[in-house]
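Notes to accompany the following structure.
The values are calculated or read from the model by the stated rules, or taken from the named source; none is laboratory data. Everything quoted here is computed from the prediction, not taken from an experiment. When we count neighbours, we look across all protein chains shown, and the Cβ atoms used for this are built from the backbone with ideal geometry, even at glycine. Just so you know, the surface numbers come from the protein's heavy atoms only, side chains and all, with ligands and any DNA or RNA stripped out. Shrake-Rupley method; radii C 1.70, N 1.55, O 1.52, S 1.80 Å.
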Amino acid sequence: MKKVLVLGATGSIGASTLRVISEKKDLYTPVGFSANKDYKKLQELNAQYPGAMFCLTGLTKDDLPFKPDSNWFFGKTGLEEFIQNSGAEICINGIAGSPGLFASVKVLENGINLALANKETMVMAGDLIKKTAKKNHCCIIPVDSEHSAVFFLITSLKKCFSEFNEPIISRIILTASGGPFRTWEKNKIMTAKLSDALKHPTWSMGRKITVDSATMANKGLEVIEAWQLFDISPDKITVTVHPQSLVHSMVELIDNSVYAQLSQPDMAHPIAQALSYPYCVNSGFRPFDFSSFLTISFEPPRSDVFRMLPLAYETIKKGGFYPVVYNGANEIAVESFIQGKITFGEISRIVEECLQKDWNGVPDSYESVEDCNIQCKEISRRIISKTEV
Ligand code: NDP
Ligand code: MG
C-alpha cells in the first residue's frame with residue numbers, strides 16, 4: 001500500500017486523484033488532504049477517510065463552524081507540520097498557482113516523492129527544485145499530461161538506446177488543444193467574454209488554467225516547465241496545435257523518427273501513472289476504439305494572435321527572474337479578467353509590459369523567488385489600475 005498525500009484535494013486535479021485512489025483501494029492509502037478554504041469538502045473527506053490528516057492553508061481554527069480534531073492543521077506553518085507528519089511516500093501537488101511552490105519544497109525536504117501537477121513549481125524555481133529533489137533523494141514525476149507523456153517517452157527511449165553514448169533526443173513536441181478561440185478572428189478574441197474563455201473544447205479543469213488555455217499562456221508555462229524538467233534548450237521544444245487532445249505530446253529522435261503517447265483526455269490517466277510509477281497498473285480507463293473513425297490532426301499555433309506563447313520563449317532566453325514574472329504577472333492579469341476589470345486582450349499586454357522591466361539576477365534561493373513573485377504582482381496590479389475597463 002502506497003501512502004499518498006493529496007494537496008489541492010478540493011480542486012479539479014484533486015477530484016481526479018480521488019477517483020484514481022478510490023478505484024485502487026488495494027494499492028493506495030490517502031494519508032492527508034489539503035485545501036485553501038473549502039472546509040466542507042474536507043469534512044466530507046474526513047468522514048470517508050477518518051484516519052487521514054487535513055489542512056486548510058487559507059483559514060484558521062476559529063474560522064470554522066465546528067471544533068476540529070487534532071488531525072486538522074491550519075495556515076502555512078500548519079501545512080509544514082501536516083506534510084512533515086504525514087508519513088507519505090508520494091504527494092500529488094494539485095494546488096493552483098504560485099502558492100504550490102512552497103508546498104513542493106516542503107514535500108521534497110521531507111523526502112517525499114513528488115507527483116507534480118502544479119506547473120508553477122518548475123516555472124518559478126526549476127533549478128532550485130531539482131537541487132532540493134536531488135539532495136533529498138526524491139523523484140519528480142510530471143502529472144501535467146504533456147510532460148507525463150514526454151517523461152515516459154524519454155525514459156523508455158533512453159532505456160532502448162542505452163548502449164549509445166550520445167544524446168538521442170532532437171526535439172520535444174508539446175501538443176496544445178488550441179483552446180476555445182483556436183479558430184476565432186483576432187478582433188473577436190480581444191474582447192471575448194469570460195463565459196467564452198471558460199468553454200474548453202476537450203478538458204475539464206479549474207478556472208485559472210482554463211483561461212490560460214484560451215490565451216495559450218498554459219502552453220507558454222508548459223514550454224518553460226518542459227525546459228526545466230527535461231533540461232533541453234528552448235529551440236528544441238516545439239508546440240503543435242492538436243484539437244482532439246488525444247496525442248498528449250511527442251518526442252523526436254536524432255534519426256527524425258517521432259514517438260507519440262495517446263490516451264483519452266482524462267487527467268486521471270497521468271495521475272494514475274505517476275502514482276504507480278515505476279509500475280504499470282491497469283486503472284480501468286476506456287481504451288481507444290479503432291473500429292470507428294478517429295481523426296487526429298495537427299496545425300501550427302497562431303503566435304501572432306496568442307502572444308503568450310512567443311513571450312514564454314523570450315522569457316526563457318532572458319533567464320534570471322523572467323519566468324517568475326511571466327507567471328506572476330499572468331496570475332494577476334487572469335484574476336483581473338475573471339473579476340471583469342480588464343478585457344481578454346489585455347491579459348498578454350499586461351504581462352508583456354511587466355516583463356519589459358529589468359528582472360535580471362540569479363534566483364539562487366526560494367526567498368529571492370518569492371520576493372520577485374510579490375514584487376512583479378504588485379507592479380502588474382499598478383499596470384492594471386491604469387488600464388481598468
Ligand atoms: P483548481 O482551481 O480546480 O483547484 C485548486 C486547488 O488548490 C483547490 O484544492 C484549492 O483549495 C487549492 N488552493 C487554491 N489556492 C490555494 C492556496 N493559496 N494555498 C493552498 N491551496 C490552494 O485547480 P486545478 O486542479 O485545475 O489545477 C491545479 C494545478 O494543477 C495548477 O497548477 C494547474 O496548472 C495544474 N494542472 C491542472 C490540470 C487540470 O486538468 N485541472 C492539468 C494539468 C495541470 P480551495 O478549494 O479551498 O480553494
Ligand atoms: Mg497540460
Checked 37, 61, 76 against criteria (charged (D, E, K, R) and in contact with an Asp or Glu (Cβ under 9 Å, 6 or more places away or on another chain)); the one match is 37
Got at least one residue in the range 282-290 being over 24 Å from the mean Cα position of the chain (by Cα) and either at pLDDT 95 or above or open to solvent by less than 60 Å² (accessible area, probe 1.4 Å) (or both)? yes
- Message: One residue is enough: does the range 60-74 have a residue meeting the conditions under 22 Å from the mean Cα position of the chain (by Cα) and more than 16 Å from ligand 2 (Cβ to nearest atom)?
- Response: no
Result of the Cβ filter at 8 Å on the range 133-146, keeping first residues that are assigned to a strand (DSSP E or B) and partners that are basic (Lys, Arg), at least 6 apart or interchain, is 140/130
Residues in the range 77-132 that are surrounded by 23 or more Cβ atoms within 10 Å (Cβ to Cβ), assigned to a helix (DSSP H, G or I) and among the charged types (D, E, K, R) total 1
Residue set 201, 243; condition more than 12 Å from ligand 1 (Cβ to nearest atom) and modelled with pLDDT under 95; output residue 201
How many residues of the range 129-150 are touching a His at 6+ places or on another chain (Cβ under 9 Å) and more than 16 Å from ligand 2 (Cβ to nearest atom)? The answer is 0
How many residues of the range 82-136 are touching a strand residue (DSSP E or B) at 6+ places or on another chain (Cβ under 9 Å), more than 11 Å from ligand 1 (Cβ to nearest atom) and among the β-branched types (Val, Ile, Thr)? The answer is 5
